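Here, each number is a calculation from the coordinates, and none is a lab measurement. Note that this is a predicted model, so its numbers are computed, not measured. We place every Cβ from the backbone using ideal geometry, glycine too, and count neighbours over all the protein chains shown.
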Amino acid sequence: MARDSSKLTGVQKAAILFITLGPEVSSGILKRLPEAEIQKITYEIANITSVNATQRESILNEFVQINKAREYIVEGGMDYARTLLGKALGTQRAAEILEKVSEATQQYRPFSIARKADAHQLLNAMTYEHPQTIALILCYLQPDKAAQVIAELPEEVQSEVAFRIATMSTTSPMVIKEIENVLESKLSSVVRTEMTTLGGVETLVDILNQVDRTTEKNITESLEREDAELADRIKSSMFVFEDIITLDDVSIQRILREVEAKELALALKGCSEEVGETIFKNQSKRAAASLKEDMEFLGPVRLMDVEKCQQKIVSVIRRLDEAGEIIISRGGEDAIIV
């Protein structure tokens, strides 16, 4: 009988993932793993008698979410990853995924403290280090941070460090650990270790999205008097673009009259199929066909540009809501009686 995926070990989940991916894909991944890990995973594969569809889907989704979290962390850091995952999956689920990623990173990735330090702190800590040592440390940093560090090195050191990075292949784990310990001792007094995130704008937004409109209005108006900038951040985060699927058709059609076609096409490039279909069904057939053509014509786009257009449309939605021209249902006193 297949077990609950929440009770499986990491190795057991990996085994089920490889079974799900199939032999061709799995073999390509397995051969890149350490011998000890290969033995553990293949043992579990051999001993798995059944895997149901729900279990496969759960483990595959977890794998996708964790890898997406890693991409977000590399792209913009932990706070950036927490914000994007929170919007997509909710604050609690995002925290669970990031905790798993953090644990895996701490377990397998050296120089975690160096990745938390800024470029200036790293430069000070590496001032008298050998170019080979500097090259090794830079290999473990985020590419943008490594670029900042190497750009500030003396010219004669830059080229030597670059050469050593390019020609580096393998390094003894003992050497890596020794260098990491030295660097950590230098940085520990100036780098704050990352603390558990509690509260913040995203947490308040999650709460306010569940209260009635009167309570929300009282809180946001009070915040505007205390800190107008903070109030704006909260208000702009309270309704994310993907929430458009929760609006009624009349409200969506009213919103679409305020939005330029090019901006709408760009905003939809980063959305789920459900969001796209919600928009298309509230347009004429000709307008929907034209919008789809515009989206195809755009080709690959930057996430930053997509989010900028989405935020502009969210601003339109909030303006229309405040003017009473559309309704964002929040439950409580905002519940609609028909």
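Take each peptide in 256-269, 30-43, count the other Cβ atoms within 10 Å of every residue, and average; sorted highest first, the result is 256-269, 30-43.
Fully extending the segment from LYS262 to LYS281 would add 5.0 nm, taking 0.36 nm per residue of separation and subtracting the current Cα-Cα distance. Once the Cβ-Cβ distance of ILE219 and PHE297 is raised to the sixth power relative to R0 = 35 Å, the FRET efficiency obtained is 0.25. Modelled label positions at ARG233 and GLU37, each set 7 Å beyond Cα in the direction of Cβ, lie 3.7 nm from each other. If R0 is 30 Å, the Cβ-Cβ spacing of ALA151 and ILE66 corresponds to a FRET efficiency of close to 0.40.
Work out, in µm²/s and without decimals, the Stokes-Einstein translational diffusion coefficient of the stretch 10-72 at 37 °C, 0.692 mPa s, Rh from Kirkwood over C-alpha pairs. D, rounded to a whole number, is 268 µm²/s.
FRET efficiency for ASP118 and GLN311, Cβ-Cβ distance as r, R0 = 25 Å, nearest 0.05? Before the final figure, lay out the partial values.
Numbers: r = 28 Å, r/R0 = 1.11.
It comes to 0.35.
Each peptide in 112-124, 271-283 was scored by the mean count of other Cβ atoms within 10 Å over its residues; highest first, the order is 112-124, 271-283.
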